[in-house]
Structures are given as structure tokens and as C-alpha cells.
Amino acid sequence: MNLLIGALSVGLLLSLLTLGVFLTYRVLDRLDLTTDGSFGLGAAVAATLLAKGVHPVPATLAAAVAGWLAGAATGVVHTAFGVDTLLGGILVSTALYSVQLYIMGGGDVSLAATNTLPELAEQAWTALGGPPTVTLFGTPVSAANIAPLGMFIVLILGSMVIMERFLRTDLGMAVRATGDNPQMARALGINVGLMVTLGLVLANGLIALCGALFAQYQGFANVQVGLGIVVVGLACLIVGESLTGRRGPSRQIAGVLVGTVVFRLLMAAALRAGLDANALKLVTAVFVLLALVVPAAIERVVRRPARSRGAA
Amino acid sequence: MSHPQPVLELSGLHHTYFPGTPSEQVALQGVDLSVEAGSFVVVVGVNGSGKSTLLNAIAGSVSLDRGVVRFSGRDVTDWPEHRRAAFIGRVFQNPFSGTAPHLTIAENLAIASGRGRRRGIFHWGLGAARRAALAERLDAMDLGLADRLDTPTGVLSGGERQALTLLMATIVRPALLLLDEHTAALDPRSAERVVRLTDQTVQRDSLTTLMVTHSMHQAVRLGDRLLVMHRGRIVEDFAGARKRRLRVEDLLGHFDRLRNTDLVDESAAEMLRRSYV
């Protein structure tokens, strides 16, 4: 049970990563490789501040702000210098590797001796009179496990609701139009470069926040933590879309949440069943490749009549 | 008597595609034009005569080598496209260009309603009142789209999309409406329908309009002024009674004369005959 709660907690917190990837890959229709860098950056900023004795809440918020800056950097490289977002993201992400090393003053930071958000949640649980163990489906679960899960649920659901609402405001619709049809967006007075930058800023803020939570949950940050994380986000996104479909922001965002949790549970099950942990990234990458290629191949074979055109 | 300010003034527009390369192509070589408020100007010309480039230069999606673009006296030559959009409504030739396919009809219209305004996070995208207002506008077009507000535009037919794009271009009254062969990609029935809607909309709102067309029948039937473009220049300008008297045969004869004066080469004349007769 504790293992399941662990997988569930990681799945929930990683859904912020998937939400960021959704915002760039689906809403803006651009693959943003800043993701790897901003995830690691978020982990580095939060861990370093925590190790210096900063309270977990401002340390976590500072990580999100660092992610905004990373997204803004890619946006500026794209809009001011005309470099496409894919290359811009690679450049920023590469540069961030050094930035992380400078921030952490080395390759990794341990959080074993510091107060973190999950511990804060546990303290709040106890302070509010929560019992030291809870029985779920007949198994005892410790407060150290259940309290962080509760915190993640509140935090993640809040972020999802805010994002869903945002995408339906005038500004949010302008961002969506920019990704869906930039020519139309320009003709209707939308500053496409600005909207792309805004999307990148919001997405990388979420991703850095996710990195910060991940580091605190794991109890350490290292410079490798973000490597290839964009592929994990894509895998979760694809799982979610296969479950909820892609019609409208509400369904898509529900898919982000469900997809990430399901993907994490599948991975946890695979590892328990004996999958070599070293093969995790290989398996994830192959999964994303298949998920992208197989439906198109099936379509070709079955020769369904052409559906409505569209890339996003 | 003081003359009213023209809505659009172009002077000395020049544009060359791929300058200095083997595929260099001169698209505009000195276009001067003044369009008065409320006039409906039709532009014709063979492929490559520069008519689409002219529309793009006005909208700001093509940047000029030389020349000045003014809206109501204001120099907007250096304005980017999205800023000029405060004055301009546009319908493109490609029915896929004007709408966002994964967004619903209501969302597309709501985005169009924001043209020329600041887009914030405090304005709710689609409240009940706004939806009702949008449904009413759609209903007036009589396309059966009013009860399909939540349908993604990606599933609409070409004709429905162009009609919707026309509504989107005019839902906030544009100082200038630009129509770039907006019926060329449609089947004859849909094209006729969109032409009728266009005429109705332009008359009802007395919109200042610039329409590029390939159809001689549309050119003769619509508008109160007709420009013939050739090799990046306006070579003929029919207005007032001259425009009203113009018949399809006159226009074809005119293209023949253009050819005879060696402004048009043989292949262009052949193309004209094939596409217009």
C-alpha cells in the first residue's frame, strides 16, 4: 500500500510536468526542449535554498520563478533573434546545465537534514490532529506518506483548475489560437511572438515547480535529474489522450492528470515485475515512438477516409 | 469643401521576392492607390500580377522594399501585422487559413471579437450572454451554424469556413475589409453563397472593401470600382459610371488589348482565356 501511495504521489506531482509539456506540445504546437533544463533548474534552486535554511514555501516559489525566466529566455531567443523554438530550447537547456552546477556548487545537493514541503505537510497533519497511521483498504499507512499525498492532491488539482480556466479566458484563447493557426491569430490582432513566449514562460514555470517538488520528495537534487524528462512528459500526455481524447481543454487537462498517474503506476508495476531500472528511459522512449507511429500506420493500413486536417 | 480623409493611401509600393537570387520575382513596382471610405474596390489581374502581394503588403504580412502605407492618414508602414489588424478584417483564399481548426465556432468568434482590443485574463471567454449574441450573428447568416457553437471548425466545409471567416473578419467593424480570392477554392454553389453573403455584409455595414478575384463575373457584378493589375502595377482603374457599364466581354477585350500592347505575353493571354472564359 505504501508503495502504491508512493507511485501515486510521484504520479500526481509529475502531472505538473505533463501539464507544462501539454501547454507547449499541444497548445502551442511546439516541442519545447527547455523542459529538461527547467526541471533540473527547479530542483537545483529549491534544493540549494532549502540546504541554506530557507523555508520550503519561498524556496519552492523561487524555483517556479526560475522556470519562468528559463521559458522567457527561450521565448526571447525565438522572438528577438528569429531562432526557432526547438533550437532555442536546446540552447537554453544546454546553458542551464552549467547554471545548475553553479547554483548547487557541485553535482548534487542532499536534503536529508532539511525541512521540505512533504515534511511540512506531515507536520501540518499532526498539528491538525491527524493520527500517526491511517488504515486504507485494510493496510496501515503512515502519516509521512498520506500527508504529502494530500498536499499534492490539493496543489495539483488547484493548478489544473487554474490552467483550465486560463485557457478559456480571452488571453488563454489567444494562446490557443496562436498554436492552432498562427496566420489567423495574426490577422485577428494577436501578437504571436508574445503569446508563444507567454506559453513558454507558464509551461517552464510549472515544470520547474515540478522539479522542485520532485527534489523535495526524493530528498536530493542532482544535475542529471532533468535529462530526458521531456520524453516522460510526452509519454504521460499520450497515455492521457488515449484515455480522455483531445477535444477541449477540460478533457485534455483531465487527461494530463490521469495519464501521468496511470503511466507512473504502470512503470512502478513494471519495475516490481522485474524491469531493469536502467532500461526505464529506453522503454519510455520506445513507448513514445510507438505511440506516435503506430496510430498513423494503422490509419494507413485500414485506409480510413481522410478526417479533418490538423497537426495539433 | 474639405475632402474626407481616404481610408487607405498607398504610395510607391515596391516589393521583390527573393532579391538577388535566380528565383527573383518583382511583385510590386510602384503601386499608388487611394481608397475612399465606403468604396468597394475589386482587383483583377493574371497570376503573378501582384494582386495578392498588394493585399499582403496592406495587411503587413509582406514587408515592403519601398513605399508608404497609410490608414486614415496615419503612416503604418512600420507596423507589424497584428497591430494593423486593429483596422483590418481579412478573408484568405485558403479556407483553412482563417479559422483555428481545434477551437470551436464559438471560440473562434470570441477570438475575432477581441480584434483591436486588449486580451486579458479577467474577461470570461464565453459567458451565456456572449454565446447568445454570437448565435444571433450566426443565425443572421442562415447557414445552420447557430446551433453548432460548440463544434470545432475543423469539421466544417470550405464554404462554411469562408462564411464563418467573413463573419469573424467583420464582427468588429473593420476600417478596411481585405478579401483575397476568398471564393476561388470553393465549389460553384458555395462560392455563390459566400459572394452573396459578402455583398450583403459590405452593403449592410457600408464597409470599405478591397477584393481580389479571379472571376470576371464577380468583378463585373460586385463593387463600385475595378482595378486591373499587371506586372506589379495598376494599369487600369474603372470607377463610377465606367465601372457600372463594364461587361464581362469588355473586360476580356481589355485583357486582349493588354496582350496586344505587349504588356501580356502569349502564355499569359492563353491562361486568361482558360481561366476566365
Around A:Leu198: net Lys/Arg minus Asp/Glu count, Cβ-Cβ under 12 Å: +2
Ranked packing of A:146-154, A:270-278, B:156-164, most packed first, by mean Cβ within 10 Å: B:156-164, A:146-154, A:270-278
Segment B:1-147, relative contact order in percent, only Cα pairs under 8 angstrom and at least six apart counted: 19 percent
Estimated translational D of segment B:1-94 in µm²/s (Stokes, Kirkwood radius over Cα pairs; 4 °C; 1.567 mPa s): 91 µm²/s
Over the protein assembly as shown: Kirkwood hydrodynamic radius from C-alpha pairwise inverse distances, Å: 27.0 Å
Of B:Leu222, B:Leu258, B:Leu179, the one that fluctuates the most in a GNM where chain B has Cα springs shorter than 10 Å: B:Leu258
Diffusion constant of chain B at 4 °C, which comes from Stokes-Einstein with the Kirkwood Cα-pair radius and 1.567 mPa s, µm²/s: 66 µm²/s
Check: the protein assembly as shown dipole with +1 on Lys, Arg Cβ and -1 on Asp, Glu Cβ, in debye: 900 debye
Taking all pairs of distinct alpha-carbon atoms in segment B:112-157, Kirkwood radius in angstrom: 12.1 Å
Local electrostatic count, A:Ala254, Cβ distance below 13 Å [Lys/Arg +1, Asp/Glu -1]: +1
Residue-averaged 222 nm ellipticity for chain B, from DSSP H runs of 4+ at -39500 (n - 2.57), nearest 500: -11000 deg cm²/dmol
For segment B:62-192, projected area of the alpha-carbon convex hull averaged over all directions, nm²: 9.3 nm²
In Å, descending, principal axis extents of the Cα set of segment A:151-294: 55, 37, 27
Straight-distance crosslink candidates among lysines, where the alpha carbon sits under 28 Å from B:Lys243 and sequence neighbours closer than 8 are dropped: B:Lys51
Coarse-grained scattering of chain A at q = 0.08, 0.10, 0.14 Å⁻¹, given as base-10 log I(q)/I(0) from a Debye sum over alpha-carbon atoms: -0.37, -0.57, -1.10
Largest-first principal axis extents, alpha carbons of segment A:21-74, Å: 40, 16, 15
Average beta-carbon neighbours from other chains, 10 Å sphere, peptide A:162-172: 4
For segment B:145-243, share of DSSP beta bridges that run antiparallel, in % to the nearest 5: 60 percent
Coordinate range along principal axes, alpha carbons of segment B:163-235, Å, largest first: 34, 29, 18
Radius 14 Å from Cβ of B:Leu186, net charge of other residues (Lys, Arg +1; Asp, Glu -1): -1
For residues of A:8-19, the mean tally of beta carbons on other chains within 10 Å: 0
Rg(Cα)/(2.2 N^0.38 Å) for segment A:1-49, N = residue count: 1.39
Calculated diffusion of segment A:9-146, Stokes-Einstein form, Kirkwood radius summed over Cα pairs, 4 °C and 1.567 mPa s, µm²/s: 76 µm²/s
Packing-based order for A:287-300, A:210-223, A:95-108, using average beta carbon neighbours within 10 Å, highest first: A:210-223, A:95-108, A:287-300
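Every number in this text was worked out from the coordinates using simple rules, so none of it is lab data. Because the structure is a prediction, the values reported are computed rather than measured. All Cβ positions, even for glycine, are placed from backbone atoms using ideal geometry, and neighbour counts span all protein chains on display.
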